[in-house]
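The values are calculated or read from the model by the stated rules, or taken from the named source; none is laboratory data. A quick note: this is a predicted structure, and the numbers were derived from the prediction, not measured. Note: ideal-geometry Cβ built from the backbone for every residue, glycine included; neighbour counts use all protein chains shown. For accessibility, only protein heavy atoms count, side chains too; no ligands or nucleic acids. Shrake-Rupley method; radii C 1.70, N 1.55, O 1.52, S 1.80 Å.
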Amino acid sequence: MHKKKYFILVIPMLVPYLAFFAIDGSLVSAAASAQNTTAGKEVQTKYTFIEKWGSFGTGPGQFNRPHDVTFDSSGNVYVTDRDNNRVQKFTPNGTFIKTWGSKGSKDGQFSIPYSLAIDKSDNIYVADRENSRIQKFDNNGNFIAKYGTDGKGDGQFHRPEDVRIEPHTGDICVTDTYNNRIERFDKNFTFITKWGSKGSANGQFQLPHAIGFDSKGNVYVDELERPGVQVFDSDGKFLRKWGSVGTADGQFSLPQEHLWIDSKDHLYLVDGAPNPRIQIFDPNGNVLGEVGSPCKMSTGEGCVDPDGPGPLSLGDGQFSKPEHVAINSEGKMYVVDRGNHRIQVFAPSNGTTEKIE
């Protein structure tokens, strides 16, 4: 691995904020300070590209539009290989372990496996979108159960796109995307509640796409056709929202992609394909940083090509249609670089989050 040079520029502002800009040939990370929910101002750890794996194809370790990534208790990495209709399992550094699944509607088959979640027993739940169901497997890919049929009733789905597990209760939430609602189940997949309808008011949705939980059990939802995030309590009561369309810090391109919430309640949200980056927020929606190329691929404006002559979208730390992001137990960031059919991995540039009083 070639070592890269870094330059850090600190610009003091007249208002009580700090902005750190870390410029690397493979990574541009802008950390804008924000008012934390506790005392002081918080500046998010910057990330540096460390490795990548995957290429287009149908062989072991290859992908055709990979979609989601997550981890089991041993740190193994699972990826939904969407258009190959399978799940692949890797070591933390990308060494292929095994794969399962094929196209179809039988148990263990998929029709567009979208997102996946893993419970404390390392059982794996896969949102099988076009089959309008959630499938459950053990961590070796053996089929255990399936939940849901196509429809609008409680426990039914219409093209669900995300599944997540609340870490304290084990409850399971599903974005029932094309019914414009969220459904919540207990760990046995018994229906608990639902909320949402189609619309633009608070608590309504325009195709809910991604979901996550903070340490208080609050539920964060982003949507394909509306920028930003809506936040709810565990019963689905609307709490707050933020976001608007644009390319500035804290703005989003449509369609929006997926999100992840780490142990510090930092929110990582994948911007849309026209502005391929990961934005990082505190729980109130203040920008803490970003990872990825801010350049305009169509014109080259603002682009730095770390690997010589193009294509720019293939540079280390640059993305083409990024889809999902996840943070492992070591704090490393895994990004599904869907358009490049690969996984990219980033590590924090400094060990801990800084507090600026």
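Below is a table of values for the structure above.
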item: Solvent-accessible area, 1.4 Å probe, carbon plus sulfur percent, for segment 148-192; result: 50
item: Shape call, segment 73-201: gyration tensor on alpha carbons, a/c limit 1.5; result: prolate
item: Estimated inter-spin distance, Thr247 and Asn202, nm [label 7 Å along Cα→Cβ]; result: 3.3
item: Surface accessible to a 1.4 Å probe, Arg133 within the full protein complex, Å²; result: 10
item: Solvent accessible area, Å² - Lys241, 1.4 Å probe, full protein context; result: 100
item: Two-site FRET efficiency, Lys103 against Glu51, from Cβ-Cβ distance with R₀ of 45 Å, rounded to 0.05; result: 0.90
item: Distance from segment 228-297 to segment 135-151 (C-alpha centre basis), Å; result: 30
item: Distant-in-sequence amide H partners of Gly289 (H built 1.01 Å from N, under 5 Å); result: Ala32, Ile280
item: Separation in nanometres of the label points that stand 7 Å from Cα toward Cβ, at Asn284 and Ser263; result: 2.5
item: Signed unit charges on C-beta, dipole axis of segment 171-280, positive-most listed residue Ser215, Leu254, Gln204; result: Gln204
